[in-house]
Ligand SMILES: Cc1cc2nc3c(=O)[nH]c(=O)nc-3n(C[C@H](O)[C@H](O)[C@H](O)COP(=O)(O)OP(=O)(O)OC[C@H]3O[C@@H](n4cnc5c(N)ncnc54)[C@H](O)[C@@H]3O)c2cc1C
């Protein structure tokens, strides 16, 4: 038996480790009143082993703190596989923090050189190429080739600086392009950081590389500090979270909602209004501190689309407990097959719900998070509805009414 | 002397079909315990069967090798039933989670034991149906676990206890035999009557904590969804008054439209009110609150409420709308279900001891609680009183820090159980936490042991639960 003092990395979690009531909600909870079908996507699509659940991370951390001789390779496999969607924390009736505990485990494993290779690769990618996928840093703004916003001078003031985030920039350039088009159509001046842009560190933070994450975030903040802008707008949900304290970013959906309300932008539908399902972003839910459903960007997406006359989720609200699509945390690199399964499960679930509610065929799946969009799009079958980011969706189904602007 | 037999490996389980097997030490850490303060165990393997045949094969295998088997559902019980204190296999039944049949004509839902109540309620709603008893851990608790620990609470005023809602079971015995109980014992007949053919074998497995067999299917009675819900609270000056009021409500059977009824003592009343209304004076608050969640037809609720209000008045009580607003109705509308779980407010785990008492012993129960508070001031204590059709359930919830106070908190709770038993109040969910007391009920314990020896001669099923003799399965058979 060791004492908690010997494990300072868990020192902030003693209340959680010794007061969890083992009610099991972070393992599985089916709760119709709260729109909860399941809690943990890892248990649903990867393995039913409880060590992958919130309760599992609490049990493992407690065994560790009590000096049990656990095989660290296995601890690492479990800790880094988690998709970090945060459902286990959101559902806990007594406020325990299993996701944060898992992040502490990850950091400790990293400090002991026990992080799996695929995870270390992500760290190296961010350090060397400024993006988690390891795509060449110089290609970051390929999507914006020819755009005037690319050549802006740091000295010029601007209404908006648009940060697409790594997922948009590399994996979903359509979303970045469509976003930029809409921003410009609203009549606002837009700049891109171009060579000075890079990963904000969010993927590293999520995986437990806290120091490296801080370095990345500081570098980006330093680039931003040289600019003169009113709004820092980002497509990436995890970027928005990561920059929240230092740069107060605005998400694209928040901006769009305001632009439509203020009549800076008017849209008219190209054809019949579509029926869509919103795929909630876990990162957007994590960012919301309040307990109610109506306070985050997933909800804002629902509102914006409904406001445009689109049938969303057959009228059902968005869920605060939607299952992760498998794009986040260590899941895609640790367990690519399960990560794909999760995406398929999300798509199938959305289609099944649309069918059962008898609202006709689903025209599209829409998400505010480009990371989810890219991941879902790569997993979808030909027969599934197409997957869009919000800006792409607008681009595909609406035209900007210029005379109103 | 018995020579320790070599611990049979779990590797051969690998050859079984339709199972997921976990033997990695990190995987096993999550299967050591339930929500109780009972000591955890260390399983050698966790097996998650996907079919009933797989359950049969696992039990045959375990029986042959004398490996202990602890069935586990949601592991949310507070009696230690699932804690594998003798090692061996944890049988994770949560994978058997299919609803097999919703028979509206017979009024029965047949489901596998791993179905969570949340899933069951959701599946029944479109049919306008529900089940009678729903533990307050409904989102995560399994039907099999609730039956094996005869759950109670929400539904108890109308239907007493989980066991009373079971129309029949299918059980796998330790040797792998499959048995159907109730009308389904007759081949091809199915579940429609529990009390038929002969003695009620269904009852053998209800509340048995998995010691006599592993439940693989449960038939529950269906009930129509209530048309209306409404909460009301009343305040009382002392325990005797609320006791008299509850006796009257029960005697007049004004319980048919009560989904949940709970009594709360002064500290809980004070805390909830002061949190919700910081400016209100606390001096003249009632010493007890009775909170009632009605469900049924609106006009029936109205009639019952009028009669209950008259009884309340007659027992020196009065309406207590502040408590309803500050606490009870809020839990109800948020569908928090955890009506009596003080840990919800303390944001903490607690050692829980559940007991059954006749309603006229409510004040005795409160005296025991007061004494316990006096004797063990270091453990803040909550009392939860839950109304049944007849009688009450009394919960004692003791808050402790598991890092520093675990053992001593358990000793305090043991003393409390002993005192309650002496006062004619009996343990309700026994599992391992009240195992010692069960053995004290000698004639009952001896019959239980004889049944156990017949049904599970090698003692592989949940050794340690209910005080049943824990033959160490890893030892050679004892020579007389
Ligand atoms: C916060 C909180 C509130 C609670 N509120 C209530 C309440 O209101 N009412 C109430 O009754 N309880 C309550 N409980 C206790 C518990 O949640 C319920 O009794 C629940 O029904 C147990 O179900 P489970 O699936 O978690 O069972 P488990 O804990 O997994 O198992 C319970 C027992 O059944 C046995 N078992 C499980 N499955 C099988 C099977 N298939 N075959 C044979 N044996 C089996 C286990 O070995 C164990 O002995 C509460 C617990 C907590 C933590």
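What's the total number of residues in the range B:332-343 that are in a helix (DSSP H, G or I), more than 7 Å from the ligand (Cβ to nearest atom) and either touching a residue at least 12 places away in the same chain (Cβ under 8 Å) or at the interface with another protein chain (Cβ under 9 Å from one of its Cβ atoms) (or both)? Give the steps one after another, and end with the answer.
Looking only at the range B:332-343, we keep the residues that are in a helix (DSSP H, G or I), and these are B:332-333, B:343.
Filter once more, keeping what is more than 7 Å from the ligand (Cβ to nearest atom): B:332-333.
After this cut, where a residue has to be either touching a residue at least 12 places away in the same chain (Cβ under 8 Å) or at the interface with another protein chain (Cβ under 9 Å from one of its Cβ atoms) (or both) as well, the list is B:332.
Residues meeting the conditions: 1.
Out of all the residues in the range B:214-228, is one or more touching a helix residue (DSSP H, G or I) at 6+ places or on another chain (Cβ under 6 Å), more than 24 Å from residue B:133 (Cβ to Cβ) and at pLDDT 95 or above?
Checked the range B:214-228: no residue is touching a helix residue (DSSP H, G or I) at 6+ places or on another chain (Cβ under 6 Å), more than 24 Å from residue B:133 (Cβ to Cβ) and at pLDDT 95 or above.
Quick one: which helices (runs of 4 or more DSSP H) sit completely within the range B:191-283 and have at least 2 residues that are away from the ligand (no atom under 16 Å from the Cβ)? Write out each step before concluding.
Values: elements: B:202-205, B:239-251, B:266-276.
Qualifying helices (runs of 4 or more DSSP H): B:239-251, B:266-276.
Which ones in the range B:78-119 are more than 21 Å from the chain's Cα centre (by Cα), closer than 23 Å to residue A:44 by Cα and free of Cβ contacts under 8 Å to residues at least 24 places away in the same chain?
B:98
Could you tell me which residue of the range B:95-111 is nearest to the other protein chains (Cβ to nearest Cβ), considering only residues that are in contact with a strand residue (DSSP E or B) (Cβ under 6 Å, 6 or more places away or on another chain) and not in a strand (DSSP E or B)?
Just the residues of the range B:95-111 that are in contact with a strand residue (DSSP E or B) (Cβ under 6 Å, 6 or more places away or on another chain), to begin with: B:95, B:99-102, B:107-111.
Now drop any that are not not in a strand (DSSP E or B), which leaves B:95, B:107.
Numbers: B:95: 6, B:107: 22 Å.
Residue satisfying both the conditions and the ranking: B:95.
So which residues in the range A:331-340 are farther than 21 Å from residue A:172 by Cβ and touching a helix residue (DSSP H, G or I) at 6+ places or on another chain (Cβ under 9 Å), if there are any at all? Please lay out each step first, then the result.
Restricting attention to the range A:331-340, the residues satisfying the condition of being farther than 21 Å from residue A:172 by Cβ are A:334-335, A:337-338.
Correct list: A:334, A:335, A:338.
Name every residue in the range B:19-34 that is outside any helix (DSSP H, G or I) and under 23 Å from residue B:216 (Cα atoms), in order of residue number. Spell out the reasoning first.
At the first step, the residues of the range B:19-34 found to be outside any helix (DSSP H, G or I) are B:19-24, B:32-34.
Answer for the range B:19-34, where residues must be outside any helix (DSSP H, G or I) and under 23 Å from residue B:216 (Cα atoms): B:19, B:20, B:21, B:22, B:32, B:33, B:34.
Is there a residue in the range B:381-398 that is more than 16 Å from the ligand (Cβ to nearest atom) and on the phi < 0 side of the Ramachandran plot?
yes
Which residue is farthest from the ligand (Cβ to nearest atom), if the candidates are limited to the range B:344-361 and must be farther than 26 Å from residue B:229 by Cβ and assigned to a helix (DSSP H, G or I)?
Let us first name the residues in the range B:344-361 that are farther than 26 Å from residue B:229 by Cβ, namely B:346-353, B:355-358, B:360-361.
Filter once more, so that each one left must be assigned to a helix (DSSP H, G or I): B:346, B:360-361.
Working: B:346: 11, B:360: 23, B:361: 20 Å.
Only one residue fits best here, namely B:360.
Please find, within the range B:385-396, the residue that is farthest from the other protein chains (Cβ to nearest Cβ) out of those that are part of a strand (DSSP E or B) and within 17 Å of residue B:421 (Cα to Cα).
Within the range B:385-396, the first condition is being part of a strand (DSSP E or B), and the residues that meet it are B:385-387, B:392-396.
Now drop any that are not within 17 Å of residue B:421 (Cα to Cα), which leaves B:385, B:392-396.
Numbers: B:385: 20, B:392: 23, B:393: 19, B:394: 20, B:395: 14, B:396: 16 Å.
That would be B:392.
If you take the residues in the range A:8-29 that are within 7 Å of chain B (Cβ to nearest Cβ) and over 26 Å from the mean Cα position of the chain (by Cα), which one is farthest from residue B:114 (Cα to Cα)? Don't jump to the end; show me each part of the working.
Step one: list which residues in the range A:8-29 are within 7 Å of chain B (Cβ to nearest Cβ), which gives A:14, A:18-25, A:27-29.
With over 26 Å from the mean Cα position of the chain (by Cα) added as a condition, the list becomes A:14, A:18-23.
Working: A:14: 32, A:18: 27, A:19: 26, A:20: 23, A:21: 21, A:22: 17, A:23: 16 Å.
Checking each candidate, the answer is A:14.
Given the structure, is residue B:327 within 30 Å of the chain's Cα centre (by Cα), under 27 Å from residue B:225 (Cα atoms), within 14 Å of chain A (Cβ to nearest Cβ) and buried (at least 21 other Cβ atoms within 10 Å of the Cβ)?
On the way: within 30 Å of the chain's Cα centre (by Cα): yes; under 27 Å from residue B:225 (Cα atoms): yes; within 14 Å of chain A (Cβ to nearest Cβ): no; buried (at least 21 other Cβ atoms within 10 Å of the Cβ): yes.
Against the criterion (within 30 Å of the chain's Cα centre (by Cα), under 27 Å from residue B:225 (Cα atoms), within 14 Å of chain A (Cβ to nearest Cβ) and buried (at least 21 other Cβ atoms within 10 Å of the Cβ)), residue B:327 does not qualify.
Restricting to the range A:18-48, name every residue that is at pLDDT 95 or above, more than 21 Å from residue B:77 (Cβ to Cβ) and surrounded by fewer than 24 Cβ atoms within 10 Å (Cβ to Cβ).
Across the range A:18-48, the qualifying residues are A:38, A:44, A:46, A:47.
Conditions: (1) modelled with pLDDT of 95 or more; (2) part of a loop (DSSP other than H, G, I, E, B); (3) facing chain B (nearest Cβ under 7 Å). Residue A:51 meets all but one. Number of the miss?
The single condition residue A:51 does not satisfy is (2).
Considering only residues that are facing chain B (nearest Cβ under 7 Å) and without any contact (Cβ under 8 Å) to a residue 12 or more places away in the chain, look in the range A:54-74 and name the one that is surrounded by the most Cβ atoms within 10 Å (Cβ to Cβ). Show your work before the answer.
Filtering the range A:54-74 for residues facing chain B (nearest Cβ under 7 Å) gives A:55-56, A:59-60, A:63, A:70-71, A:74.
Next, from what is left, pick out any that are without any contact (Cβ under 8 Å) to a residue 12 or more places away in the chain: A:59, A:63, A:70-71, A:74.
Values: A:59: 25, A:63: 20, A:70: 16, A:71: 11, A:74: 15.
Out of the qualifying residues, it is A:59.
Would you point out which residue out of B:90, B:55 is away from every other protein chain (no Cβ under 14 Å) and either more than 11 Å from the ligand (Cβ to nearest atom) or not in a loop (DSSP other than H, G, I, E, B) (or both)?
Working: B:90 fails: away from every other protein chain (no Cβ under 14 Å).
Answer to the check: B:55.
Check whether at least one residue in the range B:59-77 is assigned to a helix (DSSP H, G or I), more than 24 Å from the chain's Cα centre (by Cα), within 14 Å of chain A (Cβ to nearest Cβ) and away from the ligand (no atom under 11 Å from the Cβ), and report yes or no.
Of the residues in the range B:59-77, the ones assigned to a helix (DSSP H, G or I) are B:59-65.
Next cut, more than 24 Å from the chain's Cα centre (by Cα) only: B:59-65.
Still in the list and also within 14 Å of chain A (Cβ to nearest Cβ): none.
No, the conditions are met nowhere in the range B:59-77.
Listed here are the residues, each with its yes/no results for (1) buried (at least 24 other Cβ atoms within 10 Å of the Cβ); (2) part of a loop (DSSP other than H, G, I, E, B).
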residue	(1), (2)
A:303	no, no
A:329	yes, yes
A:342	yes, no
A:349	no, no
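In this structure, is residue B:367 in contact with a helix residue (DSSP H, G or I) (Cβ under 9 Å, 6 or more places away or on another chain), within 14 Å of another protein chain (Cβ to nearest Cβ), surrounded by fewer than 15 Cβ atoms within 10 Å (Cβ to Cβ) and modelled with pLDDT of 90 or more?
Values: in contact with a helix residue (DSSP H, G or I) (Cβ under 9 Å, 6 or more places away or on another chain): yes; within 14 Å of another protein chain (Cβ to nearest Cβ): no; surrounded by fewer than 15 Cβ atoms within 10 Å (Cβ to Cβ): yes; modelled with pLDDT of 90 or more: yes.
Answer is no for this residue.
Do we find that residue B:166 is away from the ligand (no atom under 12 Å from the Cβ), within 30 Å of residue B:63 (Cα to Cα), in contact (Cβ under 8 Å) with a residue 24 or more places away in the chain and surrounded by 24 or more Cβ atoms within 10 Å (Cβ to Cβ) in this structure? Give the derivation first.
On the way: away from the ligand (no atom under 12 Å from the Cβ): yes; within 30 Å of residue B:63 (Cα to Cα): yes; in contact (Cβ under 8 Å) with a residue 24 or more places away in the chain: yes; surrounded by 24 or more Cβ atoms within 10 Å (Cβ to Cβ): yes.
Yes, satisfied.
Give A:115, A:100, A:83, A:104 a once-over and let me know the one that is assigned to a helix (DSSP H, G or I) and surrounded by 18 or more Cβ atoms within 10 Å (Cβ to Cβ). First the steps, then the outcome.
Numbers: A:115 fails: assigned to a helix (DSSP H, G or I); A:100 fails: surrounded by 18 or more Cβ atoms within 10 Å (Cβ to Cβ); A:83 fails: assigned to a helix (DSSP H, G or I).
The match here is A:104.
Looking at the structure I just gave you, is residue B:46 part of a strand (DSSP E or B) and within 12 Å of chain A (Cβ to nearest Cβ)?
Against the criterion (part of a strand (DSSP E or B) and within 12 Å of chain A (Cβ to nearest Cβ)), residue B:46 qualifies.
Just for the range B:115-160: of the residues that are under 21 Å from residue B:91 (Cα atoms), assigned to a loop (DSSP other than H, G, I, E, B) and more than 10 Å from chain A (Cβ to nearest Cβ), which one is farthest from the ligand (Cβ to nearest atom)?
B:150
State yes or no: is residue B:378 within 16 Å of the ligand (Cβ to nearest atom) and at pLDDT below 95? Spell out the reasoning first.
Working: within 16 Å of the ligand (Cβ to nearest atom): no; at pLDDT below 95: yes.
Judged against the criteria, residue B:378 is not a match.
The values are calculated or read from the model by the stated rules, or taken from the named source; none is laboratory data. Nothing here was measured: the structure is a model prediction, and the numbers come from that model. Quick reminder, even Gly has a Cβ in these numbers, built from the backbone with ideal geometry, and neighbours come from all protein chains shown.
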